[in-house]
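This report concerns only the one structure given below.
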Amino acid sequence: MPSRVPSLRMLRSFFTDGSLDSLGASEDARSKRHSTSDLSDVPFSAVRKEGWLHCKQILTKKGKAEDREDMLAWIKVIRENSKAEGEDPGFASQALISKKLNDYRKVSPAGTKPDSSPKGPRGLGIRAEFLKQTGTSAPRSPRQDAAVTKDESSSQKAPWGINIMKKNKKSAPRAFGVRLEDCQPAPDNKNVPLIVEACCKVVEDRGLEYMGIYRVPGNNAVVSSLQEQLNKGATEINLQDERWQDLNVISSLLKSFFRKLPEPLFTDDKYNDFIEANRIEDASERMRTLRKLIRDLPGHYYETLKFLVGHLKTIADHSEKNKMEPRNLALVFGPTLVRTSEDNMTDMVTHMPDRYKIVETLIQHSDWFFSDKEDKGEKVSPAPLR
């Protein structure tokens, strides 16, 4: 294929005198390279017979003129065919030849200087058209590949990174309104919630002789404030906080915790069993049945009940000062601990004496109910009631 297209001066001379010979002679002096056109096997007689429009469609479909001789041959046929069909030779020749020359420029080889005119988009060319039809992509430079790879990786990594963060981001444990096993555990006992241990510690440190402890309610606004703070997932509790200095607030906070448990401390499954066991007439059988039911509680519920009853026993041991005997403590904690998750008014009325009695019995005989001696084969009898 030629390394350059015919010069503007030669084309102007050709369009002025219509001499194909002068254009051919000038081009022979400039290029010695030749190639065979894909349409070289189309005879000129077929062009005259079918008309130049038909041949133009073939040319558009298969490709543009690829060398000088092929282009000159098509120009000659077009001029002759235009005269045969009675068209204006000047107009037809000049317009069609200009189009062929433009097509020729579009498929000129890589050595030809590219058209830098901004007057319109360039054609795809034969190679690009071939790649488009075969569904393959043109090779890119390493810089282009790197840019595409970077764009693809960034578009993939963004959602991937967000998903990982969402999956790995674990919300901190809440303190109120969640099951015991989902609460923040105490450092010394993993089966006891941190909030239970903290409240009991504050009361035992400063409130053993405080009159009416657990009976006098605390300020609701301060209690709610502490609940909100603990529900944000605090892993540590600052006992030096001013709000933790009010014993009534702390005692109300502990009662609120057990009241808001979705699964009560005595569990829904065993609630009716505890009520029936408490109504057993034989005292010894009643105590053994209650003890067995307590031992069958799930781990977190058994350990938390054991810890709480031990705390209440400590409070009752100082009843001479604080006036909170086991019965008074049972009146406060009975309805909160022994209940169902969907407590109804009928159960509250008919089972209220049982709830009081169960908690009072546990406080009075806490050592026996939670002793491991009988599990080891040692016979242990509950202490007589006071």
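For segment 234-250, the criterion of being surrounded by 13 or more Cβ atoms within 10 Å (Cβ to Cβ), under 30 Å from Thr289 (Cα atoms) and not acidic (Asp, Glu) is met by none of the residues.
Checking each residue of segment 370-378 against the condition of being at pLDDT 90 or above, more than 25 Å from Pro217 (Cβ to Cβ) and open to solvent by 50 Å² or more (accessible area, probe 1.4 Å) gives no match. For segment 270-329, the tally of residues that are small (Gly, Ala, Ser), over 47 Å from the mean Cα position of the chain (by Cα) and open to solvent by 40 Å² or more (accessible area, probe 1.4 Å) stands at 2.
Can we say Asn238 is in a loop (DSSP other than H, G, I, E, B) and farther than 21 Å from Pro326 by Cα? It is true that Asn238 is in a loop (DSSP other than H, G, I, E, B) and farther than 21 Å from Pro326 by Cα.
Screening Asn168 with (1) at pLDDT 90 or above; (2) more than 30 Å from Lys313 (Cα to Cα) gives one miss only, at (1). Taking segment 255-274 as the range and being under 25 Å from Glu197 (Cβ atoms) and among the hydroxyl-bearing types (Ser, Thr, Tyr) as the test, the residues that pass are Ser256, Thr267. Between Asp343, Asp347, the distinction of being under 44 Å from the mean Cα position of the chain (by Cα) and within 26 Å of Asp268 (Cβ to Cβ) belongs to Asp343 only.
Would you mention how many residues in segment 250-303 are outside any helix (DSSP H, G or I) and either in contact with a helix residue (DSSP H, G or I) (Cβ under 9 Å, 6 or more places away or on another chain) or touching a residue at least 24 places away in the same chain (Cβ under 8 Å) (or both)?
Residues flagged as outside any helix (DSSP H, G or I) and either in contact with a helix residue (DSSP H, G or I) (Cβ under 9 Å, 6 or more places away or on another chain) or touching a residue at least 24 places away in the same chain (Cβ under 8 Å) (or both) within segment 250-303 amount to 13.
Thr267 passes every criterion in (1) buried (at least 16 other Cβ atoms within 10 Å of the Cβ); (2) within 38 Å of the chain's Cα centre (by Cα); (3) closer than 30 Å to Glu209 by Cβ apart from (3). Within segment 208-235, the set of residues being closer than 16 Å to Cys183 by Cβ, in contact with a Ser or Thr (Cβ under 8 Å, 6 or more places away or on another chain) and either assigned to a helix (DSSP H, G or I) or at pLDDT 95 or above (or both) comprises just one member, Gln227. Checking Asp205 against (1) modelled with pLDDT of 90 or more; (2) surrounded by 13 or more Cβ atoms within 10 Å (Cβ to Cβ); (3) not small (Gly, Ala, Ser), which single condition isn't satisfied? The failed condition is (2).
Taken together, the residues in segment 182-200 that are in contact (Cβ under 8 Å) with a residue 24 or more places away in the chain and not in a loop (DSSP other than H, G, I, E, B) amount to 8. The residues listed here are Leu253, Leu226, Leu261, Leu230; of these, the one that is within 18 Å of Leu308 (Cβ to Cβ) and in contact with a Leu (Cβ under 6 Å, 6 or more places away or on another chain) is Leu253.
The values are calculated or read from the model by the stated rules, or taken from the named source; none is laboratory data. Everything quoted here is computed from the prediction, not taken from an experiment. We place every Cβ from the backbone using ideal geometry, glycine too, and count neighbours over all the protein chains shown. Only protein heavy atoms, including side chains, enter the accessible area calculation; ligands, DNA and RNA are left aside. Shrake-Rupley method; radii C 1.70, N 1.55, O 1.52, S 1.80 Å.
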